[in-house]
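Asks: First, the structure itself, so that you have it in front of you.
The values are calculated or read from the model by the stated rules, or taken from the named source; none is laboratory data. Keep in mind that what you see is a predicted model, and the values were worked out from it rather than measured. Here the Cβ positions follow ideal geometry from the backbone for every residue, glycine too, while neighbour counts run over all protein chains shown.
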Amino acid sequence: MPGAKRLQPVRREPAAVAIARRLTEAIMDGTLAPGTQLGEAELAAELGVSRGPLREAMQRIVQQGIAHSEPHRGVFVTTLTEDDVRDIYLARTAVESAACRLILRRDPQGTADRLAAVHRAMAEAARRGDPTALSAADTELHQVLVEESGSPRLKRMAQTLFVETRMCITALQDKYPVPDVMVDEHAAIIEAIRDGDEERLLRLVDEHMQDAVRRLTEGPEGAVPGVPSRTEAVSG
C-alpha cells in the first residue's frame, strides 16, 4: 500500500531481563521476603526457565542492591535496616527535588495534569480502602514525577529507590500512611507544581519524605518489626 505506515517489528525481550523483572516484582510484593535464599534449582523450576538466564537475572538484581551474594552460601534477598530506610528516603529527596526543579522549568501545568490523573486513582483507592491499589498509585505518582523531569539519569537512579521503597512498605504495611493524609499530601505537591511555587514544592517534598522515615522507623526503643536496626544481624 503506497504511503501506508509500516508496522514496527516486535522486539523480543532478553530472557534475563524478563526474569529479573519477575524477581523484582516478587521482592517488592513480599512473595520473596527479606532474607530469602534464591535457590537456582527451585526458581528455575518455578519460573520454567533454564539456569543460564536465571543466573544472569540474579546478577542483575544483586547489582541493583535488592539482593546480595554470600560466598559459599548463595544469593539472598536484601533485608533493609533502619539506616537503609533513612538513606533511601534521603536519596529519594535529592532525586525528586531535582526532578521538581526541572519540571518547573519545562511544563509544570502539563505535569500537574498528568499527576492529577494518577492522584484520582489514589483517592479512589483510599475511598475503597484498598491498600494494594493505594500503594501502586503512590509508586506510580512518584514515577511519573521523575519521568516528567525529562532526565534519563534521574529516572535510572529512581528505579532502584522505588523498588527499595516498596520493600519497606511491604514489610511494614501497618506503618503505611493514613489514606486521607496520603491523598492530601500528594494533592498539596501537585498544587505547588501547578502554582510554580518552587520553595513551597521543595519544602512539601522534603516533609513528605521525612514523614515517611518517621513512620517507617518508629517503634519501641527505635526498633521496627521487620526492619532490624544496624546493630542486629541482618541478611543485607
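Asks: Which ranges mark the helices (runs of 4 or more DSSP H) fully within the stretch 114-196 that have 2 or more residues being over 23 Å from Glu218 (Cβ atoms), in contact with a Phe, Trp or Tyr (Cβ under 7 Å, 6 or more places away or on another chain) and outside the structural domain of Ser97 (by TED's automatic domain parsing)?
Replies: By residue number, no helices (runs of 4 or more DSSP H) qualify.
Asks: Considering Leu141, Leu80, Leu154, Leu104, which residue is farther than 20 Å from Cys168 by Cα, among the aliphatic types (A, V, I, L, M), surrounded by 14 or more Cβ atoms within 10 Å (Cβ to Cβ) and under 17 Å from the mean Cα position of the chain (by Cα)?
Replies: Within the list Leu141, Leu80, Leu154, Leu104, the selection yields Leu154.
Asks: Moving to a separate point now. Would you check if Met28 is of a type outside the set (Lys, Arg), at pLDDT 95 or above and outside the structural domain of Ser151 (by TED's automatic domain parsing)?
Replies: no
Asks: Being over 15 Å from Met167 (Cα atoms) and either in contact with a helix residue (DSSP H, G or I) (Cβ under 7 Å, 6 or more places away or on another chain) or not assigned by TED's automatic domain parsing to the domain that holds Glu164 (or both) narrows it down to one residue among Gly39, Gly65; which is it?
Replies: So the residue among Gly39, Gly65 that is over 15 Å from Met167 (Cα atoms) and either in contact with a helix residue (DSSP H, G or I) (Cβ under 7 Å, 6 or more places away or on another chain) or not assigned by TED's automatic domain parsing to the domain that holds Glu164 (or both) is Gly39.
Asks: Does Thr217 count as farther than 16 Å from Ala116 by Cα, at pLDDT below 95, surrounded by 18 or more Cβ atoms within 10 Å (Cβ to Cβ) and in contact with a Lys or Arg (Cβ under 8 Å, 6 or more places away or on another chain)?
Replies: So Thr217 fits the description; yes.
Asks: Could I ask something else about it? Assuming Thr79 fulfils every condition listed in (1) closer than 19 Å to Val17 by Cβ; (2) in contact with a strand residue (DSSP E or B) (Cβ under 9 Å, 6 or more places away or on another chain) apart from one, which condition is it?
Replies: (1) is the only condition that Thr79 fails.
Asks: Another one. Could you check how many residues of the stretch 76-92 are within 18 Å of Ile61 (Cβ to Cβ) and among the β-branched types (Val, Ile, Thr)?
Replies: 4
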